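A.B. asks: Let me give you the structure first, and then I'll get to my questions.
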Amino acid sequence: MTKTIQLNTTERDPELWAIADSVVDPEIPVLTLVDLGVVRELKRMDKGVEVTITPTYTGCPAMDAMAADLKRAFEQKGFEPVTMKTVLSPAWTTDWLSDYAKEKLNKYGIAPPPNSTADKNALLGKPKEVKCPRCASNYTSMISNFGSTACKALWKCEDCKEPFDYFKCI
Amino acid sequence: MSQGINSSLIKFVVRLGDNNLILGHRLSEWCSKGPFLEEDIAMSNIALDYIGQARVLYSYAGQLDGGKNEDYYAYERREHEFTNALLCETPNGDFGMTVARQLYYSVFAYALCNALLKSKDETLSGYAGKAVKELAYHVRHASDWTLRLGDGTEESNKRMQHGIDELWMYTHDLFATLESDKELVAAGIIPDVAAMKGEWLEQVKDVIQRATLTMPDVNAWQMEGSRKGRHTENIGYIISELQYVTRAYPGCEW
């Protein structure tokens, strides 16, 4: 599957987006911050660059690391100063994860959200089918809605008996 | 924005920020003391959500109030300057007590944030857009546990009922309003919080009854005063722990 960056910006500066796309999530290093949808806007300024990000969860402790990593990446490519901006709206959603990103998550051992948030059941805690990332069985059950990071829940596979992380659909 | 509305808005935003900070701090006290590992993690996750929400709200209040920062609100104010709902500062008690507090608070906060989605203030509606997603998980977590404990063993039922009863007198205070809120309501910036109580009662009652628990007396005496900075004795203990480092080492960064 090839990678397509889906964002709501009409014109994108390929050089800036390539730099942002080289920065990975500190907790889930198989996804870049562009894959994750955390990077919302990149703007060349008279001097330097303005980087707009949105938090996945308001209390996500990784946000500071993400902002610092992005800043460093742009500085290393000669962009200075780097101005970091945070926006809350539109609220981050797992709908922004591309199929490519979901596949990478699954290979890494984290079950991706199977449905979109438009499906109300997802938000009410009834994901359609969460597939075990190890043996691909659909016979799985939730252990806890809260997992090792804010964005994940804890599930287990009833076939291979392995516990696994599930990327919550929000 | 007129100066009057601006100062009314600061009061409302700080109130909401205080609710989140104090409840988040309380829940963080469960870290490493949860009844079992998954719940320990759940409590810490939920605590983080509230603290994250407090940061957003405090930053906004600071922006409205001549450039104060979030740390000012968390670390430099004294007890009577905090206006969190009394419920948020109640001690964790046993797990049943904490679940009861989560049920009462999260159902309230979810409804409030749902209403704030329509706020004419873009920062508040943006905040609400994030918060409702997190709160939906909190409501489900609290409801599930109320059902499991209430409809569980004789012991778990007794403890859950105890939590529901003990905290009841702090619930009316969630809906407290100030005179200054009125202009915010009229301007479409906030909902009429007091008017939200009926819906809250219905929802809480539904969970309590399904959990085979007894609904407390709706007309029982209730504590009040939080929006004017009147608290229970609990707040002092929280603030002294929360602010210890910044008081001991003013201006330190870590």
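A.B. asks: Averaged over peptide A:147-153, how many Cβ atoms belonging to another chain are found within 10 Å of each residue's Cβ?
C.D. replies: Working: counts 4, 2, 3, 8, 1, 1, 3.
So the per-residue partner count for this stretch is 3.
A.B. asks: While we're here: How big is the B-A contact in terms of buried accessible area, both chains counted, 1.4 Å probe, rounded to the nearest 100 Å²?
C.D. replies: Details: alone 12250 and 9240 Å², together 19500 Å².
What B and A bury together is about 2000 Å².
A.B. asks: Also, quick follow-up: Show the residues, 5+ positions off or on another chain, whose built amide H is closer than 5 Å to the amide H of residue A:85.
C.D. replies: When sequence neighbours closer than 5 places are left aside, the close amide H contacts are A:51, A:52, A:53.
A.B. asks: Can you sort B:25, B:172 by 1.4 Å-probe accessible area, starting with the largest?
C.D. replies: B:172, B:25
A.B. asks: Which order do you get for B:237, A:108, B:170, B:73 if you rank them by accessible area with a 1.4 Å probe, largest at the top?
C.D. replies: These residues rank, largest area first, as B:237, A:108, B:170, B:73.
A.B. asks: At 7 Å along the Cα-to-beta-carbon direction for both residue B:209 and residue A:137, put a label point, then send me their distance in nm to one decimal.
C.D. replies: That separation, rounded to one decimal, is 4.1 nm.
A.B. asks: Specify, per residue and in Å³, the volume enclosed by the convex hull of the alpha carbon atoms belonging to region B:3-248.
C.D. replies: Spread over its residues, the Cα hull of region B:3-248 gives 116 Å³ apiece.
A.B. asks: May I ask you to derive the FRET efficiency for residue B:38 and residue B:219 from their Cβ-Cβ distance with R0 = 35 Å, giving the value to the nearest 0.05?
C.D. replies: After rounding to 0.05, the efficiency reads 0.35.
A.B. asks: Considering just Cα atoms, how many Å³ per residue does the convex hull of region B:1-42 enclose?
C.D. replies: It is 56 Å³ per residue.
A.B. asks: Still on this structure: Calculate how large, on average over all directions, the projected area of the Cα convex hull of region B:1-131 is; give the answer in nm² to one decimal.
C.D. replies: 8.2
A.B. asks: Same structure again: How large is the helix-only mean residue ellipticity at 222 nm for chain A, computed as the sum of -39500 (n - 2.57) over DSSP H runs with n ≥ 4, divided by its residue count, in deg cm²/dmol to the nearest 500?
C.D. replies: Using -39500 (n - 2.57) per qualifying helix, the result is -6000 deg cm²/dmol.
A.B. asks: Find the relative contact order for chain B and round it to a whole percent, using C-alpha pairs within less than 8 Å whose residues are 6+ positions apart.
C.D. replies: This gives 24 percent for chain B.
A.B. asks: Another one. Compute, for residue B:72, the solvent-accessible surface of its heavy atoms (probe 1.4 Å) with the complete set of protein chains present, and express it in square angstrom to the nearest 10.
C.D. replies: Probe radius 1.4 Å; accessible area of residue B:72 about 50 Å².
A.B. asks: To continue, here is another question. How large is the translational diffusion coefficient of the protein assembly as shown in µm² per second when you combine the Kirkwood radius over alpha carbon pairs with Stokes-Einstein at 37 °C and 0.692 mPa s?
C.D. replies: Using the Kirkwood radius from Cα pairs, D works out to 143 µm²/s.
A.B. asks: At 1.4 Å probe size, with every protein chain present, just tell me what the per residue accessible area of the protein assembly as shown comes to in Å².
C.D. replies: Here the per-residue accessible area is 46 Å².
A.B. asks: Holding the Cα-Cα limit at 25 Å, pick out from B:120/B:182; A:43/A:168; A:43/B:120; B:130/B:228; B:68/B:133 the pairs that are longer than that. Intermediate values should be presented prior to the final figure.
C.D. replies: On the way: B:120/B:182 15 Å; A:43/A:168 30 Å; A:43/B:120 28 Å; B:130/B:228 28 Å; B:68/B:133 28 Å.
Flagged as over cut-off: A:43/A:168; A:43/B:120; B:130/B:228; B:68/B:133.
A.B. asks: Please name the residues of region B:114-157 whose accessible area, counted over protein heavy atoms with a 1.4 angstrom probe, falls by no less than 30 Å² between the chain alone and the full protein assembly.
C.D. replies: Output list: B:126, B:130, B:133, B:134, B:137, B:140.
A.B. asks: Okay, next question. Give the average, rounded to an integer, of partner chain Cβ atoms located within 10 angstrom of each Cβ in B:198-207.
C.D. replies: Per residue, the average neighbour count from other chains is 0.
A.B. asks: List the equivalent ellipsoid semi-axes of region A:14-86 in whole Å, largest first, each obtained as the square root of 5λ for an eigenvalue λ of the Cα gyration tensor. Spell out each step's value before the answer.
C.D. replies: Working: eigenvalues 74, 32, 22 Å².
Gyration-tensor ellipsoid for region A:14-86: 19, 13, 10 Å.
The values are calculated or read from the model by the stated rules, or taken from the named source; none is laboratory data. Just so you know, these numbers come straight off a predicted model, no measurement behind them. FYI the Cβ positions are ideal-geometry reconstructions off the backbone, even for glycines, and counts take in every protein chain you see. Side chains are part of the model used for accessible areas, which takes the heavy atoms of the whole protein and leaves out ligands, DNA and RNA. Shrake-Rupley method; radii C 1.70, N 1.55, O 1.52, S 1.80 Å.
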